[in-house]
Amino acid sequence: MPEYCKADAEILKQFGAALGAKREALHISQEKLAERAGLHRTYIGGVEQGRRNLSLLNIVKIATALGVNPEEFFIDCDCMKKM
């Protein structure tokens, strides 16, 4: 597992928390989300825990599988508020 600087790690953590909250609000399991997105369940778990650095393509796959716009994962992210 790569080490990320504190700021990068915080972005991954916030993204993962937003993903987990959205997934739970929609009553979708990690397993079901992974199946819909064509990804592995442990990958989804790692993302939600802030341990995985996603590609843009995987962000879109996950958002599509949840039926949401990818920007929803970033709305409450502190990194976006600084822009």
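Each reported figure results from applying straightforward, stated rules to the coordinates on display, with no laboratory input. Computed from a predicted structure; not experimentally measured. Cβ coordinates were reconstructed from backbone atoms using ideal geometry, including for glycine residues, and neighbour counts include every protein chain displayed.
Inter-label distance, residue 60 to residue 3: 3.4 nm, where each label sits 7 Å from its Cα along the C-beta direction. Relative to its residue count, the chain spans a Cα convex hull of 85 Å³ per residue. Calculated mean residue ellipticity, 222 nm, the chain: -18000 deg cm²/dmol, from DSSP H runs (n ≥ 4) at -39500 (n - 2.57) each, averaged per residue and rounded to 500. Here the Karplus relation 6.51 cos²θ - 1.76 cosθ + 1.60, evaluated at θ = phi - 60°, turns the backbone of region 36-52 into coupling constants of 5, 8, x, 10, 8, 4, 5, 5, 4, x, x, 5, 5, 8, x, 9, 10 Hz, with x for every Gly and Pro. The count of lysine pairs in the chain with alpha-carbon distances below 24 Å, taking only pairs 8 or more places apart or on different chains, stands at 12. One chain, two ends: residue 41 and residue 77. Fully extended at 0.36 nm per residue, the span grows by 10.6 nm beyond their Cα-Cα distance.
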